[in-house]
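The structure under discussion appears below in the form of structure tokens.
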Amino acid sequence: METHITKKDLLKVFFRTHLMMAVWNFQRMLNLGFLFCLLPIIKSLRLNEEKKREFYQRHLNFYNSHPYFASVVLGIIIKKEEELSQALPADYKNKLQTIDTLKRGFMGPMGALGDSLVWESFRPMISAGLILIILLTLPHLSLAYAGILIYFLLYNLLNEYIRFVGVFEGYKKGEAIIKDINVLNIPRINEKLKDVGVFLTGTIIGVIGFTFYFGTNWMMPYYYVQAVFRLILFISLAGIIWLGLRKNISTTVIFLTGLSILIAAELLRNTGF
Amino acid sequence: MLDSAAVGQWMISHPVIVAPLIGWVGGEPLAGLIIGILCQMFWSHKMPVGAYNPPESPVLAITCIINYILASKMGPMGLYHPMMIIILLFGIAGGILGGDLTIYIRNFNNRFSLLADKWVMEGAYHKIQWIPLMAMGITGAFYTLLFFLLGVIFLALYPLFDYLPMGGIYLRYYPWILLAISVAVLLEINQFKKRWKMLIAGLAFGCLAGFLHGYFIP
């Protein structure tokens with residue numbers, strides 16, 4: 001097969017993936033974003049007017065996936081569109097069907113993969129890490145800001161890597177890329193990320209209990225009693241809130257209830273109780 | 001938000017990034033950091049999966065830090081706990097409104113699909129590439145208006161805050177509730193029941209780190 005799609009075209013597609021979510025809509029979700037990303041390759045496909053119209057109409061249909069992992073589907077579809085543009089008339093219908101099937105078949109798994117890996121594991125882990133960095137560096141603002149910069153770079157390293165590799169490898173390997181994704185064993189990575197997330201959460205609790213700026217001084221013997229007491233209180237409070245979350249009580253309601261208790265205690269104190 | 005819902009998903013709009021950033025620009029870097037860590041996990045257990053739109057944590061954090069900066073410029077009240085609680089309540093209202101606004105914008109975006117259909121039928125393909133920019137402009141304008149309105153309402157109500165009590169023994173514990181919520185949300189997201197050994201290990205490490213922090217960074 002003769003290829004007209006250049007690396008420059010794919011690079012343009014990669015840059016455009018950053019705007020994929022810009023026109024997210026309830027009727028057809030990411031359809032316009034997906035089509036917007038494909039626009040740089042149209043010229044290279046050398047389509048006549050009728051085929052061009054078909055191309056646009058095809059990709060204006062419903063589409064939804066995870067914004068990072070949609071780039072994998074983009075890469076595959078670019079390859080298939082290129083094959084379709086050079087297909088013999090006898091093959092045309094089959095290849096057209098393949099594009100539709102692949103697009104529908106990949107959007108669900110890629111969406112689920114992104115939601116579980118990025119939204120449910122990686123992002124909370126990074127958030128916990130950053131809260132910890134800030135808690136440990138708080139008196140020194142420059143260190144805390146350096147932590148934020150590290151967070152930003154680490155998070156976006158994964159973001160940009162998935163987008164870039166998705167477009168280029170998806171185009172190079174087509175649907176066979178699924179084998180590479182399977183080799184990565186993403187559910188196992190998810191579990192490991194959650195392990196780290198729980199470890200960091202435990203560390204946050206420990207730091208809150210023992211850190212100096214929460215009102216204790218390590219040089220005083222009373223420090224240790226105070227720290228352990230505070231730790232027990234904090235764990236109890238977090239445990240009660242966790243039970244509330246398990247019962248589907250929203251954090252807004254929990255916070256407002258806690259705040260009401262504090263205000264009531266304050267009012268009672270002011271009235272002499 | 002423009003970053004998380006529209007452009008790049010670089011997560012600049014995460015509370016823990018955007019609040020310190022605005023705080024730094026507004027001359028309140030410490031308040032930015034504190035608001036950032038207090039707001040980061042507040043609605044994080046509600047994932048933006050599929051068509052579900054949770055309340056907007058970035059709007060919560062941005063409203064809080066903007067109102068904090070406004071309050072600190074207006075007088076010393078910005079530093080008192082009752083004022084901080086009012087600022088947080090404004091932020092929560094802003095976050096909930098932000099979630100509704102995202103739903104409205106996404107409904108509004110339906111029109112762009114229909115517009116694209118029309119342009120394809122007319123053969124005006126070149127116009128389609130401008131649609132994301134138009135949508136981004138509209139999203140940006142809506143959110144700017146939301147922050148402006150929340151800021152104006154806060155400033156309009158500011159004289160009333162003079163009647164707030166300045167101190168408070170119990171009120172100073174409100175950050176503890178937010179920190180405990182953050183920890184509970186993290187435990188819930190990471191399914192800690194299956195990983196309690198990691199939690200204990202983390203706790204031991206955290207106690208040591210907290211002690212060393214007190215030792216080395218007085």
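The values are calculated or read from the model by the stated rules, or taken from the named source; none is laboratory data. Quick caveat: nothing in here was measured; it's all calculated off a predicted structure. Here the Cβ positions follow ideal geometry from the backbone for every residue, glycine too, while neighbour counts run over all protein chains shown. These accessible areas exclude ligands, DNA and RNA; they are computed on the full protein's heavy atoms, side chains included. Shrake-Rupley method; radii C 1.70, N 1.55, O 1.52, S 1.80 Å.
Quick look at the numbers
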{"item": "Considering residues of the stretch A:226-273 that are charged (D, E, K, R) and under 36 Å from the mean Cα position of the chain (by Cα) only, the residue modelled with the lowest pLDDT", "result": "A:ARG230"}
{"item": "Single residue of A:GLY166, A:GLY174, A:GLY170 found to be touching a Lys or Arg at 6+ places or on another chain (Cβ under 6 Å) and within 26 Å of A:THR3 (Cα to Cα)", "result": "A:GLY174"}
{"item": "So B:PHE90, is it within 12 Å of another protein chain (Cβ to nearest Cβ) and at pLDDT 90 or above", "result": "no"}
{"item": "Residue in the stretch A:121-140 that is surrounded by fewer than 22 Cβ atoms within 10 Å (Cβ to Cβ), facing chain B (nearest Cβ under 7 Å), assigned to a helix (DSSP H, G or I) and of a type outside the set (Val, Ile, Thr) present", "result": "no"}
{"item": "Search result, residues across the stretch B:151-175 that are at the interface with another protein chain (Cβ under 7 Å from one of its Cβ atoms) and part of a helix (DSSP H, G or I)", "result": "B:LEU171, B:TYR173, B:TYR174"}
{"item": "Complete set of residues in the stretch A:48-91 that are of a type in the set (Phe, Trp, Tyr) and either without any contact (Cβ under 8 Å) to a residue 12 or more places away in the chain or surrounded by 17 or more Cβ atoms within 10 Å (Cβ to Cβ) (or both)", "result": "A:PHE55, A:TYR56, A:TYR63, A:TYR68, A:PHE69"}
{"item": "Of residues in the stretch A:141-150 being open to solvent by 10 Å² or more (accessible area, probe 1.4 Å) and either facing chain B (nearest Cβ under 7 Å) or among the polar types (S, T, N, Q) (or both), the one farthest from B:ALA19 (Cα to Cα)", "result": "A:SER142"}
{"item": "Pairs with Cβ under 7 Å, 6+ apart, first in the stretch B:14-29 and over 19 Å from B:PHE42 (Cα atoms), second acidic (Asp, Glu) and assigned to a helix (DSSP H, G or I)", "result": "none"}
{"item": "Any hit, the stretch A:34-47, residues being open to solvent by 50 Å² or more (accessible area, probe 1.4 Å) and modelled with pLDDT of 90 or more", "result": "no"}
{"item": "Long-range neighbours under 6 Å by Cβ, at least six apart or interchain, first residue facing chain A (nearest Cβ under 7 Å) and at pLDDT below 85 within the stretch B:192-218, second open to solvent by 30 Å² or more (accessible area, probe 1.4 Å) and in a helix (DSSP H, G or I)", "result": "B:HIS213/A:LEU136; B:GLY214/A:PHE212"}
{"item": "Within the stretch B:133-155, tally of residues that are of a type outside the set (Gly, Ala, Ser), over 30 Å from B:GLY75 (Cα atoms) and in contact (Cβ under 8 Å) with a residue 60 or more places away in the chain", "result": "2"}
{"item": "Residues of the stretch A:92-105 satisfying the condition of being touching a residue at least 40 places away in the same chain (Cβ under 8 Å) and open to solvent by 20 Å² or more (accessible area, probe 1.4 Å)", "result": "A:ASP100, A:LEU102"}
{"item": "Residues located in the stretch A:242-273, provided they are farther than 22 Å from B:PHE42 by Cβ and open to solvent by 70 Å² or more (accessible area, probe 1.4 Å)", "result": "A:LEU267, A:LEU268, A:ARG269, A:ASN270, A:THR271, A:PHE273"}
{"item": "Wholly enclosed helices (runs of 4 or more DSSP H) of the stretch B:4-83 bearing at least 3 residues surrounded by fewer than 20 Cβ atoms within 10 Å (Cβ to Cβ), more than 10 Å from chain A (Cβ to nearest Cβ) and modelled with pLDDT under 90", "result": "B:57-74"}
